[in-house]
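Structure first, then comments.
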Amino acid sequence: MVLVAVVAAVALLATACVIDDADTPGDQFTSISAGEDHTCGITTNSTVWCWGDNWTNAGWAYVPEGTFTAISAGSGYSCGIRGDRTADCWGDNYEVRSLPPQGRFAAISVGGLRSCGIREDRTVRCWANSKANPEVPVIRQVPYTDFSAGWGDNSCGVRDNGSVECWGDYGWPDPPEGRFTAVSVGLSHACGIRDDGSVECWGDNAGGRAEPPGDRFIAISAGWEHTCGLRDDGTPRCWGVGGAADPPIRRFIAISSGADHSCGLRDNNDIDCWD
């Protein structure tokens, strides 16, 4: 993986910023990721576009040039996977957030206190985001089929056998037993899709964030205090705290929950966000 100094040579960077993280640009997209106060997506020409509230001047809107195959927006920074499978991060580097480890990755997930990536051998490598607490990078050797870096200090992954394993130090209960196909970690709760399409959540249940509906789901994304999922007909369903739990009534092919907003990708490559 290439170590990136995003602050160098602003002439090499493309800027995208609007006032509201729930606003959307007019471009066409193939993927979407909602962060704390910004959103990023990969356009149909494989470039990255970010928008939202840049009041912290964190630099997340200064996206490196080039093409990407995956994107994840976090708290003040974002990361993506380039076509050569190396990772690139940009944004607030005050706490070493923009220094991913070297290597080739198949997937990436950016959280609040750490970020994680699945390597090509399907092991997970996580790195901390704090100079004040120089944590030894976490390397999980068990192959994973899905994983999520949470907004707090917890991360979870789905193993080959469908079981969920979580690590970190947030005092959560252990994940439920059984087989899962996907997992997503929020600020103080997590949710996973079981192999029958049902959703189960664990952790802090304030505001009902850990009480999913009884629908069948094909995708799940946990935000700070809410969670959204796509039902098997492509319509969104959200639960928890805040306006982000009130999605528009239409069909999506992907969904992503941020701090207090969520976004969905439609099959015509348009994006809708709500907060």
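We did not get these values from a lab; they are worked out from the coordinates using the rules stated. What you are looking at is a predicted structure, and each value in this text was computed from that prediction instead of being measured. Backbone-built Cβ (ideal geometry, glycine too); neighbour counts: all protein chains shown.
Odds and ends about this structure:
- Per-residue Karplus couplings for the range 216-230, computed as 6.51 cos²θ - 1.76 cosθ + 1.60 with θ equal to phi - 60°, are listed in order as 9, 10, 10, 8, 9, 8, 9, x, 5, 10, 8, 9, 10, x, 9 Hz, Gly and Pro entered as x.
- Full-extension gain in nm, Gln141 to Asp233, via 0.36 nm per residue minus C-alpha separation: 29.6 nm
- FRET efficiency estimate (nearest 0.05) - Cβ-Cβ, Ala206 to Arg85, R0 35 angstrom: 0.35
- Here the gap between Arg216 and Asn268, fully extended at 0.36 nm per residue and compared with their Cα-Cα distance, gives a gain of 16.4 nm.
- Taking amide hydrogens as placed 1.01 Å from N in the peptide plane, the amide H of Gly74 sits under 5 Å from those of Glu36, Cys79, each at least 5 positions away in sequence or on another chain.
- Difference of contour (0.36 nm per residue) and Cα-Cα distance, Ser46 to Thr30: 5.0 nm
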